[in-house]
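This report concerns only the one structure given below.
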Amino acid sequence: MIDLIAHNLAPIMFVTVMAMLLIGYPVAFTLAAGGLLFFVIGVELSHISSEIRLFWPLLQSHPERIYGIMYNDTLLAIPFFTFMGLILERSRMAEDLLDTIGQLFGPVRGGLAYAAVLVGALLAATTGVVAASVIAMGLISLPIMMRYNYNRGFATGTIAASGTLAQIVPPSLVLIVMADQLGRSVGDMYVGALLPALAIIGTYCLLVFAVTIVKPHWAPALPPETRTLGGGVISLILLLAASVGIYLATYHTVFADMRSEVRLVWAATTATVFALALSLANRHLKLNILSRLAEQVVIVLIPPLALIFLVLGTIFLGIATPTEGGAMGATGALVLALIKRRLSFSVLKQALDATTKLAAFVMFILIGARVFGLTFYGINGNVWIEELLLALPGGEIGFLLTVTVIVFILGCFLDFFEIAFIMVPLLVPAAETLGIDLIWFGVILGINLQTSFLTPPFGFSLFYLRSIAPMKEWKDEVSGRILPAVKTTEIYKGAIPFIIIQFLMIILVIAFPGLVTHYKQESTVDPNEVEITIPTFGGGSDGGPAFGLPGGLGGSPFGSPPTTAPGDGNGQQNNGLQLPGIGGLPPLGTQPGNTQGETPQEQPAAPAGPDLSQPPSFD
């Protein structure tokens, strides 16, 4: 019995810890306690099995391993993005966005649903926090949708699914953690996830369009009396066309001499500033150039879009690291809240408290994962997992599909932090052995975790929405009607079409890896276009100064004493790269004692250097 336990300690440890997590024990303490308990067992059984490589002094490595978490620059981006999202959520930016985009799409069937999807994408790109997105949109848009007779299942499903976009749309916290655990660049992870994220957003909009065709009574248009901003779409289109014209004109004229990335930034900034300045002047100076709708859309949309560019644009263009981008985003969120006069001490305190709690939560899970990992690797658990995964039929595709199912099931019970810190490091060796691109692998896992957030009965996004949806009949203050409660089954049913979309997107990304791996093309340098110029270390033809290295004026510091090229009457030196001469310092071109203008004496032959093919002699 003892021999059986010793030779199967890795699977026993893995199953035991996973079972404790699924039961509901705190993750950080379960990982740490499980790691320490099985460390003791492993040390005691190490003399039985050669696969166990644990000994008591190994515990002394824990302080250094834990300290390694503290100076991880990548994880430093998590509190920055969390703080940025909470400040924007507390400053009611989501409320302004939903109201404005809802008015813009008001005349269209399903306009509020389109607004929920687009605002969910904007909040995902500015907050990166699922809970903040779902709760903000649920509190604001769900009562409006119910007021105008939207199908409750369709409305709740749209809100819950749009909130989970924060899982995959950069700057998602999931992608930051995934990049750290995979050992890859966060910038590459963001670029790789961009096309799948846009595809998911577009598919959500297509689903809304299909519902408005098949079930038009599920998503009616807003009645005319509720469109307080009136019409004026033509004015908005003309303003957009003028901004595009300014962008193209400045790109090809004013900023034509700059690098392409810099030209793009400055031309886009000029066009954006023009649109915002015209809208503000139209509002405050009563110019009546723009419609009220166009004016409101520009004033409300441009600040968050500018913040998105400040964060993602600087990262994609290589101007800032993700951590620096997060810091700029947090600063930008504070500035926006200050401009809107919504930055108070209580808002700042709430955001800091929530950010500190999340950062401490992540830190303790990481510490527990490090303790667990030391023991698990010490009993060759990583080898057991790798062999188990590599034995799956189907090779690369079989591995990806199996991992997708496993992570999806775990995602119904565990938070994405827990899955990223426990499961992902165990899956990486097998993925690398199969030659799977880790950025591609990380994006697949990110979409998978987004799907698990929506899946009944344990989807976290569904829980967030359930917590703020009315659980009993309520009176709508605007219409004065008594509206029915939202049932939990309606929330679950509404999420099912979006879950199907998520699964189709996972299959699409697995079938077409180019949707993700295009990030390589953006960072690849053609070696044929690289020109390497070896600098001249001495005075050249222009009579420039030497670098103070021995070898004569114009001689190579790597060469033997300069010699006159055969047949060269001008006495030009041969500067070929040769092994340095060790037999003596090379002459400086003239003998001591010669004065300027005198004919130099014949230079003696340089002493021959030692034979470097023989060992040195010290006699």
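The values are calculated or read from the model by the stated rules, or taken from the named source; none is laboratory data. Quick caveat, the model's predicted, so the values are computed rather than measured. Using ideal geometry, Cβ is built from the backbone for each residue, glycine included, and neighbour counts are taken over all protein chains shown. These accessible areas exclude ligands, DNA and RNA; they are computed on the full protein's heavy atoms, side chains included. Shrake-Rupley method; radii C 1.70, N 1.55, O 1.52, S 1.80 Å.
Quick notes on this structure:
- For the range 43-58, the condition of being modelled with pLDDT of 85 or more and within 21 Å of residue 125 (Cβ to Cβ) holds for none of the residues.
- For the range 168-188, residues that are more than 14 Å from residue 78 (Cβ to Cβ) and assigned to a helix (DSSP H, G or I) total 3.
- Filter pass, residue 290 being closer than 22 Å to residue 103 by Cβ, touching a helix residue (DSSP H, G or I) at 6+ places or on another chain (Cβ under 6 Å), outside any helix (DSSP H, G or I) and in contact (Cβ under 8 Å) with a residue 40 or more places away in the chain: yes
- Among the residues of the range 59-86, just one is under 22 Å from residue 16 (Cβ atoms) and open to solvent by less than 40 Å² (accessible area, probe 1.4 Å), namely 62.
- For the range 451-480, a residue qualifies if it is among the hydrophobic types (A, V, I, L, M, F, W, C) and closer than 17 Å to residue 145 by Cα, and the qualifying residues are 465, 468, 469, 471, 474, 478.
- Pairs with Cβ under 8 Å, 6+ apart, first in the range 208-228 and aromatic (Phe, Trp, Tyr), second open to solvent by less than 40 Å² (accessible area, probe 1.4 Å): 209/110; 218/150; 218/154; 218/211; 218/212
- Here residue 211 fits the description: closer than 30 Å to residue 448 by Cα and surrounded by 14 or more Cβ atoms within 10 Å (Cβ to Cβ).
- Residue check for residue 352: more than 26 Å from residue 431 (Cβ to Cβ), among the hydrophobic types (A, V, I, L, M, F, W, C), open to solvent by 50 Å² or more (accessible area, probe 1.4 Å) and without any contact (Cβ under 8 Å) to a residue 12 or more places away in the chain: no
- Selection of the range 221-244 for residues being open to solvent by less than 40 Å² (accessible area, probe 1.4 Å), within 23 Å of residue 158 (Cβ to Cβ) and not aliphatic (A, V, I, L, M) yields 223, 226.
- Contacts under 6 angstrom Cβ, first residue in the range 493-517 being more than 15 Å from residue 202 (Cβ to Cβ), partner of a type in the set (D, E, K, R), 6 or more apart: 517/437
- Restricting the range 92-150 to residues that are under 29 Å from residue 322 (Cβ atoms) and part of a loop (DSSP other than H, G, I, E, B), the residue that is most open to solvent (accessible area, probe 1.4 Å) is 92.
- Close contacts from the range 328-343, counting a first residue that is in contact (Cβ under 8 Å) with a residue 12 or more places away in the chain and a second that is among the acidic types (Asp, Glu), with Cβ to Cβ under 9 Å and a gap of 6+ residues or different chains, come to 340/96.
- Scan of the range 1-33 for residues that are hydroxyl-bearing (Ser, Thr, Tyr) and within 19 Å of residue 366 (Cβ to Cβ), ordered by number: 25, 30
- The set of residues in the range 245-263 being in a helix (DSSP H, G or I), open to solvent by 70 Å² or more (accessible area, probe 1.4 Å) and closer than 20 Å to residue 309 by Cβ consists of 248, 261.
- The residue list 159, 201 contains one member that is farther than 24 Å from residue 76 by Cα, assigned to a helix (DSSP H, G or I) and open to solvent by 10 Å² or more (accessible area, probe 1.4 Å), which is 201.
- Restricting the first member to the range 168-192 and to residues that are over 22 Å from residue 415 (Cβ atoms) and open to solvent by 10 Å² or more (accessible area, probe 1.4 Å), and the second to residues that are among the polar types (S, T, N, Q) and in a helix (DSSP H, G or I), the beta-carbon pairs closer than 8 Å and six or more apart or on different chains are 188/523.
- For the range 276-295, taking the residues that are under 37 Å from the mean Cα position of the chain (by Cα) and crowded, with 21+ Cβ neighbours inside 10 Å, the one that is nearest to residue 231 (Cα to Cα) is identified as 293.
- Some residue of the range 225-246 being closer than 30 Å to residue 327 by Cα, among the acidic types (Asp, Glu) and at pLDDT below 90: no
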